[in-house]
Each structure stands twice: as C-alpha cells, then as structure tokens.
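Peer 1: Below is the structure I would like to discuss, written out as structure tokens.
The numbers here are math on the coordinates, done by the rules we state, and not lab data. All figures in this text were calculated on a predicted structure; none of them were measured in a lab. Here the Cβ positions follow ideal geometry from the backbone for every residue, glycine too, while neighbour counts run over all protein chains shown.
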Amino acid sequence: MDPPGSGVKTVYLALGSNLGDREKNLQQAIQALEVVRQSSIYETAPMLLEDQPWFLNQVVEIKTSLFPRQLLHHTQDIERVLGRKRTIVNGPRSIDIDILLYGQTIMSSDELTIPHPGMAQRRFVLEPLAELASTLRHPVLKRTIAQLLAGTKEQNVRPYNRPGL
Ligand code: PH2
Ligand code: MG
Ligand code: MG
C-alpha cells in the first residue's frame, strides 16, 4: 500500500513491442520510465489483430507522483520518442506503454480508463504482472492477479530467452 497522503502511487505498466529491435525498445522505455521493479520478458502470440509479428511483453512497476492524465501524457511522449507511429489500431508498434493499475484508483474518461479495460483477459499482461504482484487485488473485479490469470483462455505466452545468452 502507498502511504496515505504522500501523493506517491505504485503503478503497473505493460510494455509491448513487435517492430524493430524489440528488446532494445523495451530497454529504452524502462530507462526513460525510472522503473523500480520489472518482470521477465515474454514472447507472445499477437491478440486482437492476429496477422502481425509476435510481441515481446513485460510489466514494470514505477512510483510516481504524477496524476493519471499526466502519467498518460508522459508515457505517450516516451512512445513518440521511441518511434511509435499510430497507424493501425492494435497493429504493429515499436513500443506500447499501457497503464494497467494506478494504486487502487478507478477512473474513466475519454482518454483513459484505469484499471486497463483489457487486462483481465490478457495472458500477455497477467503472466508478467503475476511475477511482481500475484496477490494484488484488481480494484474493480476484486480478484487477485493470480486468480485472474487462472481464469484466462489459452494464449501462446512463453519466456523469452535473449538471443546470445
Ligand atoms: N497489444 C495489442 C494488441 N495485441 N498482442 C500481444 N501478444 N501483445 C501485445 O502487447 C498486444 C497484442 C494492443 O495494444
Ligand atoms: Mg496496448
Ligand atoms: Mg497503448
């Protein structure tokens, strides 16, 4: 739990890349974000739009005093700097940074919904998130990350072994 009144929140972000040097894209996002803890990397079959290259996915924990909307703009700036071009919805991208959980905050606006509305159905998010916070409870669904993971459909999500290691 974050100390009450401190203004510092624990936030979980999902990172994804399926264009260019995927591993380097994740690394550069992590540097720009000042990450506290990070999951291992998974190689995952594309969901939603299946006809595109496989992704590398990872989840990171940050501590931030930015408000949700400020944090969104910060992550969007990083996406832009790392060469993200917005073309096809759910299509290939050099880097995607999604806000999954922002403390226990629940909110929805035109721009941003927290918790991330797709997270509970996505193994490529829940597997890495469970490494960092398996007992954390989803503030809307009231289930732990481990419970959500156990309820997801099959999806090809495998540990990524860095080439050359
Ligand atoms: N992101 C999407 C759509 N589909 N599939 C995988 N495996 N990983 C992703 O990060 C991903 C996706 C839209 O953000
Ligand atoms: Mg996304
Ligand atoms: Mg996104």
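Peer 1: Nearest 0.05, what FRET efficiency do R158 and M1 give at R0 = 35 Å with Cβ-Cβ as r?
Peer 2: Details: r = 33 Å, r/R0 = 0.94.
The calculated FRET efficiency here is 0.60.
Peer 1: Mind checking which aspartates and glutamates have their Cα closer than 20 Å to the Cα of K85? Skip sequence neighbours fewer than 8 apart in that chain.
Peer 2: Reachable aspartates and glutamates: D21, E23, E50, D51, D77, D96, D98, E111.
Peer 1: Give me, ordered by chain and number, the residues 5 or more places off V36 or on other chains with an amide H under 5 Å from its own placed amide H.
Peer 2: Residues meeting the amide H criterion: E61, I62, K63.
Peer 1: Over the alpha-carbon set of the chain, work out the extent along each principal axis and list the three values in angstrom, largest first.
Peer 2: 44, 35, 35
Peer 1: Using a simple charge model, +1 on the beta-carbon of Lys and Arg, -1 on the beta-carbon of Asp and Glu, nothing else, what dipole does the chain show about its Cα centre, in debye to the nearest 20? Walk me through the numbers before you get to the answer.
Peer 2: On the way: 19 positive and 17 negative charges, 34 e Å.
I would put it at about 160 debye.
Peer 1: If I take every Cα pair under 8 Å that is 6 or more residues apart in the chain, average their sequence separation and divide by the length, what percent do I get for the relative contact order?
Peer 2: On the way: 300 pairs, mean separation 45.8, N = 165.
Relative CO of the chain lands at 28 percent.
Peer 1: Using a Förster radius of 25 Å, what is the FRET efficiency between D110 and V140 based on their Cβ-Cβ separation? Nearest 0.05, please. Could the numbers behind the result be given before it?
Peer 2: Values: r = 19 Å, r/R0 = 0.75.
Taking R0 as 25 Å, the efficiency between D110 and V140 is 0.85.
Peer 1: Any chance you could run the full-extension gain for V35 through D51? It's 0.36 nm times the residue separation minus the Cα-Cα distance, nm to one decimal.
Peer 2: Values: separation 16, 0.36 × 16 = 5.76 nm, distance 3.14 nm.
Going from the current span to full extension adds 2.6 nm.
Peer 1: Follow-up question, since we're still on this one. Please enumerate, by chain and number, the lysines with C-alpha under 30 Å from the C-alpha of K142, excluding those fewer than 8 residues away in the same chain.
Peer 2: Reachable lysines: K9, K63, K153.
Peer 1: Whole-Hz Karplus ³J(HN,Hα) for the stretch 81-89, in order, using 6.51 cos²θ - 1.76 cosθ + 1.60 and θ = phi - 60°, x for Gly and Pro?
Peer 2: 4, 8, x, 5, 10, 8, 10, 8, 4
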